[in-house]
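Please read the structure below before turning to the comments.
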Amino acid sequence: MAKRLIWSPVAREIRKEILQYWILRNKSKRYSQKLNILFENSAQQIADFPHSGISISGNVYRGKLIKDYYILYKIKDDSVEILFIWDTRKDPADLLKLVMNFK
């Protein structure tokens, strides 16, 4: 059974920034709309199959790769919370700092 899906405020803001970036860069909403659909479909897949993502940090967090972005989430009793979206082209050391801030 699917768990309730929660987008953290940080994840919502990052998602918005990513989509806005592509709108400005491409001068079109088309790619952003496609990317947003990928984020939505992946989030639903995470809610339906929460343990399908790669385990991170001693099974506390899990992640799912979508194109150049990594969705990091945490499984709770009755829900799955998407904590943030990470651009995999950025420095991995910064990702580690973000993960440590959620502990």
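All of the numbers you see were taken from the coordinates with simple rules; none came from a lab. Computed from a predicted structure; not experimentally measured. Backbone-built Cβ (ideal geometry, glycine too); neighbour counts: all protein chains shown.
Output the 0 to 90 degree angle, nearest 10, between the alpha-carbon long axis of helix 30-48 and the longest principal axis computed from the alpha carbons of the chain. With both axes taken from Cα atoms, the answer is about 10 degrees.
With a Cα cut-off of under 12 Å and a minimum spacing of 8 residues unless on different chains, the lysine pairs in the chain number 5.
Suppose the chain between E17 and D78 were pulled fully straight at 0.36 nm per residue; how much longer would it get relative to their current alpha carbon spacing? Don't skip to the end; give the middle numbers.
Values: separation 61, 0.36 × 61 = 21.96 nm, distance 2.85 nm.
Full extension from E17 to D78 adds 19.1 nm.
Think of the chain as having a plus end and a minus end, set by charges on the Cβ of Lys, Arg, Asp and Glu; of I85, I23, Q44, I23 sits farthest toward the positive end of this dipole. Here the contact order of the chain, divided by its residue count and restricted to Cα pairs under 8 Å and six or more residues apart, works out to 29 percent. The angle between the Cα long axis of helix 92-101 and the longest principal axis of the Cα atoms of the chain comes to about 50 degrees, rounded to the nearest 10.
Using the Cα centre of the chain as the reference point, and only Cβ charges (+1 on K/R, -1 on D/E), how large is the resulting charge dipole? Debye, rounded to the nearest 20. Walk me through the intermediate numbers first.
Working: 19 positive and 11 negative charges, 73 e Å.
So the dipole magnitude of the chain works out to roughly 340 debye.
Rounded to a whole number of µm²/s, how large is the Stokes-Einstein D of the chain at 37 °C and 0.692 mPa s, given Rh as the Kirkwood radius over C-alpha pairs? Don't skip to the answer; put the middle values down first.
On the way: Rh = 14.1 Å.
Answer, rounded: 233 µm²/s.
Taking every DSSP helix (H) stretch of at least 4 residues in the chain, weighting each as -39,500 (n - 2.57) and dividing the sum by the residue count yields a mean residue ellipticity at 222 nm of -15000 deg cm²/dmol.
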